[in-house]
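Readers should treat all values here as calculations from the given coordinates under stated rules, not as data from a laboratory. Since the model is a prediction, treat every value here as computed from it, not as a measurement. Here the Cβ positions follow ideal geometry from the backbone for every residue, glycine too, while neighbour counts run over all protein chains shown.
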Amino acid sequence: MNFLERSYFLLLLSLFASIAEAGAISSLKTFVQDTRTVRAAFIQTVLDKNMRTVQRGGGTMQFERPGKFRWVYEKPYEQLIVGDGTRIWFYDRDLDQVTVRKLDLAIGTSPAALLAGSSNIEADFDLTEIGLQGDTEWLEAKPKAKEGTFEWVRLGFSPTGELKAMELHDNFGQTTVLTFSRVEQNPKLSAELFKFSPPQGADVISD
């Protein structure tokens, strides 16, 4: 899984809400039911199997369910991921390269489906309460399908139900950690945020 693909899977998992519910699983289910749009800043850290940092980045994101999002990486490289409801566009500015995929094929039972898919989360994932660690309540989600690219996803909520952090452990032994700030739940977002046209001269790759 390359950096942009990993970022996309994490994208939809990084959407969160201020939810006054007891327990991380309850908070997740309430989020899926009640949250339509999100705007936030994020920091992303990728760790190898020995838990050493191999990459660190950050930026901003906006999201509108179902299937529309804009994920902007400001560092370490300028990259953009846009979902327009039917397709996902990955743009690497340094390479001047665009990759486009069908939205339904890209989501499937990926981590993105936890928050962007149907409200019937437990049809595709086994959810387990991990419990309180410090001031964070954690849950773990494991995909029921075995052909995916990740083993588990963990979501951490504050005592008031706001999602504070997310961890993804993939089949290559790497762990990606997202932390969030400047959270806005259900803001009004412009439709233009979720439109993308490849820059003139860019190399376009499609499935």
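Cut-off is 10 Å between beta-carbons; in what order do Tyr91, Tyr77 appear when sorted fewest neighbours first?
By the 10 Å Cβ count, ascending: Tyr77, Tyr91.
Sorted from fewest to most neighbouring beta carbons within 10 Å, what does the list Lys142, Lys49 look like?
On the way: Lys142 14, Lys49 10.
By the 10 Å Cβ count, ascending: Lys49, Lys142.
Which value, in debye to the nearest 20, gives the size of the charge dipole of region 150-207 about its Cα centre, when Lys and Arg are +1 and Asp and Glu are -1 at the Cβ?
Details: 5 positive and 8 negative charges, 63 e Å.
Using only the charged Cβ atoms, the result is roughly 300 debye.
Given a cut-off of 22 Å, name the pairs among Lys49/Lys142; Lys142/Lys188; Lys68/Lys146; Lys75/Lys146 whose C-alpha atoms lie farther apart than that in the structure shown.
Values: Lys49/Lys142 19 Å; Lys142/Lys188 32 Å; Lys68/Lys146 27 Å; Lys75/Lys146 33 Å.
Too far apart for the 22 Å limit: Lys142/Lys188; Lys68/Lys146; Lys75/Lys146.
Any idea how far apart Arg93 and Glu151 come out in nm if each label point goes 7 Å out from Cα toward Cβ?
Spacing of the two 7 Å Cα→Cβ label points: 3.6 nm.
Taking other Cβ within 10 Å of each residue's Cβ, how do Asp94, Asp124, Asp48 sort, fewest first?
Details: Asp94 8, Asp124 18, Asp48 13.
Listing Asp94, Asp124, Asp48 from fewest to most nearby Cβ atoms yields Asp94, Asp48, Asp124.
In nm, give the distance between the simple-model label positions of Asn50 and Thr30, each being 7 Å from the Cα along the Cα-to-Cβ direction.
Inter-label distance under the simple model: 4.3 nm.
Which net charge results for the neighbourhood of Gln200, defined as the other residues with beta-carbon distances under 15 angstrom from its beta-carbon, given Lys and Arg at +1 and Asp and Glu at -1?
-1
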